[in-house]
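This is the structure I have questions about; it appears just below.
The values are calculated or read from the model by the stated rules, or taken from the named source; none is laboratory data. What you see is a predicted model; the values in this text were computed from it and never measured. With ideal geometry, Cβ positions are generated from the backbone for all residues, glycine too; neighbour counts draw on all protein chains shown. Note: accessible area is taken over every heavy atom of the protein model, side chains too, but ligands, DNA and RNA are not part of it. Shrake-Rupley method; radii C 1.70, N 1.55, O 1.52, S 1.80 Å.
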Amino acid sequence: MTDPGLNSPTWLRRSALPALSALLSLVIVGPLLGGGFVLNYDMVFSPTQPLVPDSLGLGSAPARSVPADAVIAGLTHVLPGDLVQKLILFLAFFLGPLGAGRLVPTESTGVRLVAAVGYGWTAYLAERLFMGHWPYLLAYACLPWIAAAGLALRRGEPKAWVRLVVWSAPAVLTPSGGLLAAGTAFAATGWRRALPTLAVVTVMNAPWWVPSVLRPGVSSPDAVALFDARAENWGGAVTSVLGLGGYWNSEVVPASRELPLVPILTIAVTVVALLGFRELARRWEPAAAILGLGALGVFLAVLGTIPVGAEILRWAVSEIPGAGLLRDAQKWVAWWALPLALGFAVATEQAARHLPRGRLAVFAAAALLPVVSMPDLAFAGLGRLETVHYPQDWADVRGILLADDQPGDVLTLPLSTFRRFAWNGDRTQLDPAPRILPKTTVIDDTVHVGGRPVAGEDTRLPPIRETLAAHGDLGAVGIGWVLVEHGTPGVVDPEVLAPLAERYGGEWLTLYRVPGPMDTATAVGPTRFPVLLADFSALLIVTVSWLWLALPTGRLSGLTRREE
Amino acid sequence: MGKIVAALVAVLVGLGLATGVTFGVTSAASPDSESKLDLRERPKGNGDNGVVNYGTP
């Protein structure tokens, strides 16, 4: 067939995919690239994030944001924090469509563009962006590149292993992202390379699984039902998940997902993609494995909505350390996005073959389909997300804590994981204190879902709560400072603050010093040596791989051989 | 097979356009169009009893 792009100049065909990917990213996160920070639900960045024991999983809290916090701490000591956040957001929405477009086994630029938009404009991306799950966005963006590296391994191409490591590195910043990357790596490399792949993903994910294994404790099973996949419309949970949506939190679901035509559209897209996959399987070796992984993702995502599945999940979460990862199971549907986008793009190519004219219009319409059916992802959710600046109080408090050598950790009050400040448009946001203050900061990790509390897992909180209730000595539980955040829901008992010495008083924050002796041995975390060894091993494999890829090692050795 | 896929793609494009148009029309014409269109209007959680909701299933 004649590709509509084949008559175009070479430079135009080559630049079309990167240009479209950049355009997609700008249309989605462009409004967030100005000055300031995006602070929404789980997304918190700060001007300079501290490197504290919790950043490496060495604290008393579960290693959920490990090693992401350590990496962001390192980056924000080199670049301004808001710039780091903007780079991450732009790349997360740029690399995904670019990688998916490059991955399609076709000579047609139009087909690549269809795959790019199909992968880069999805309900999964919208809901995770609105929920502030930037590590998921980054992992999702890396999956096509990991698949490409796996394919290169199957073909025996040089440097394929290091490509696999380098493209998995941004994904392994969190446990869920690491598992998404690992699944894709296994599917793409094939069963013959399963053992070396296992070795690579084990080392790369060691920064979170080592502290998780060393830290006793299981998660609350109550959260399984609360964090299940949900129906976004009359089509039910399964159809919502098939359409890459179905996130549990209705507050972050785009309004367009509730439209009555969406389930029909979802089923039609799925059927077309599966038809296209027949052709894709003929052209592309790992197609079946990638499709199988996608099916597994859908299965896991809806498992909690099936009675027996829900019981299995509840048992696993409450009995197996680390199985808390299985909550919020909708995240696994990220695996379904790649076969859906590639299958749909190849189906479009097949359809265009049977048209005597108007092929360009077919590709254009197929590429626009995801955008017109979910327009409310554009422009940061039509204004849902915005950038804001931290009040000066935060920098002042940080400065005081840096200058004062009073031992002990910081406790933030009122006790609540999330905040809603007027200076951030009353958005629900994670307490930013642990990512701003230069000391270990303890927050209450109990979360409330629909008004129902879900028990936290930080082992330090129960004795601290008891001390607060008894108006006891906070120094005895390792707390040297108390930070009261104003203008957010919650009450603070004045009697708790009465014996404390005020060190700073501002409109949004008041900082108190805890007088008297301090027990600094109260924080219990995993043993340091194995955790640091895991961090070092992962850092080493990523650094060496990146250098191997970036430096002209292969070319130099080739030159040497030719000279001989 | 190709013709079936072509027909399905055509149906899909129609459905997609219809979805987009429906979104635009319902957002503009709905009595609560303000909250439909202004996605910054967020559920406020409970807040009164001292907690901020993580979300609403």
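Looking only at region A:216-230, filter to residues that are part of a loop (DSSP other than H, G, I, E, B) and crowded, with 18+ Cβ neighbours inside 10 Å; which one of those is nearest to the other protein chains (Cβ to nearest Cβ)?
A:Arg230
Let me ask you something else. A:Leu483 - would you say it is away from chain B (no Cβ under 13 Å), open to solvent by less than 40 Å² (accessible area, probe 1.4 Å) and within 15 Å of A:Thr417 (Cβ to Cβ)?
Considered against the rule, which asks whether it is away from chain B (no Cβ under 13 Å), open to solvent by less than 40 Å² (accessible area, probe 1.4 Å) and within 15 Å of A:Thr417 (Cβ to Cβ), A:Leu483 comes out as yes.
Within region A:426-447, work out how many residues are touching a Phe, Trp or Tyr at 6+ places or on another chain (Cβ under 8 Å), β-branched (Val, Ile, Thr) and not in a loop (DSSP other than H, G, I, E, B).
Residues that pass the stated criteria total 2.
So in region A:339-358, with the set limited to residues that are open to solvent by 10 Å² or more (accessible area, probe 1.4 Å) and away from chain B (no Cβ under 11 Å), which one is nearest to the chain's Cα centre (by Cα)?
A:Leu340
Which number in (1) assigned to a helix (DSSP H, G or I); (2) buried (at least 20 other Cβ atoms within 10 Å of the Cβ) marks the one condition that A:Arg13 misses?
(2)
List pairs: first residue in region A:410-439 and free of Cβ contacts under 8 Å to residues at least 12 places away in the same chain, second residue in a strand (DSSP E or B) and open to solvent by 10 Å² or more (accessible area, probe 1.4 Å) anywhere in the structure, Cβ distance under 8 angstrom, at least six positions apart or on different chains.
As it stands, the answer is A:Asp426/A:Arg420, since those pairs meet every condition given.
Only one of A:Glu485, A:Glu495 is over 25 Å from A:Ala521 (Cβ atoms) and either in contact with a Leu (Cβ under 7 Å, 6 or more places away or on another chain) or in the same structural domain as A:Thr48 (by TED's automatic domain parsing) (or both); which?
A:Glu485
Can you tell me which residue among A:Val203, A:Val238 is part of a helix (DSSP H, G or I), in contact with a Ser or Thr (Cβ under 6 Å, 6 or more places away or on another chain) and at pLDDT 95 or above?
Checking each option against the conditions leaves just A:Val203.
With the requirement that a residue be free of Cβ contacts under 8 Å to residues at least 24 places away in the same chain, over 22 Å from the mean Cα position of the chain (by Cα) and within 14 Å of another protein chain (Cβ to nearest Cβ), what does region A:370-409 give you?
Result: A:Val372, single match.
A further question on this structure: For region A:127-135, indicate whether the set of residues that are open to solvent by 10 Å² or more (accessible area, probe 1.4 Å) and either more than 17 Å from A:Leu56 (Cα to Cα) or in a loop (DSSP other than H, G, I, E, B) (or both) is non-empty.
Yes, the conditions are met somewhere in region A:127-135.
Is it the case, given these coordinates, that A:Leu413 is on the phi < 0 side of the Ramachandran plot, within 11 Å of another protein chain (Cβ to nearest Cβ), open to solvent by 20 Å² or more (accessible area, probe 1.4 Å) and among the hydrophobic types (A, V, I, L, M, F, W, C)?
No, not satisfied.
Identify the single condition in (1) more than 10 Å from chain B (Cβ to nearest Cβ); (2) out of contact with any helix residue (DSSP H, G or I) (no Cβ under 8 Å at 6 or more places or on another chain) that A:Thr197 does not satisfy, given that it satisfies every other one.
(2)
When you look at A:Leu355, is it touching a Gly at 6+ places or on another chain (Cβ under 9 Å) and within 30 Å of A:Ser21 (Cα to Cα), yes or no?
So A:Leu355 fails the test.
Which condition does A:Ile72 not pass, out of (1) assigned to a loop (DSSP other than H, G, I, E, B); (2) closer than 27 Å to A:Pro391 by Cα, if it passes all the others?
(1)
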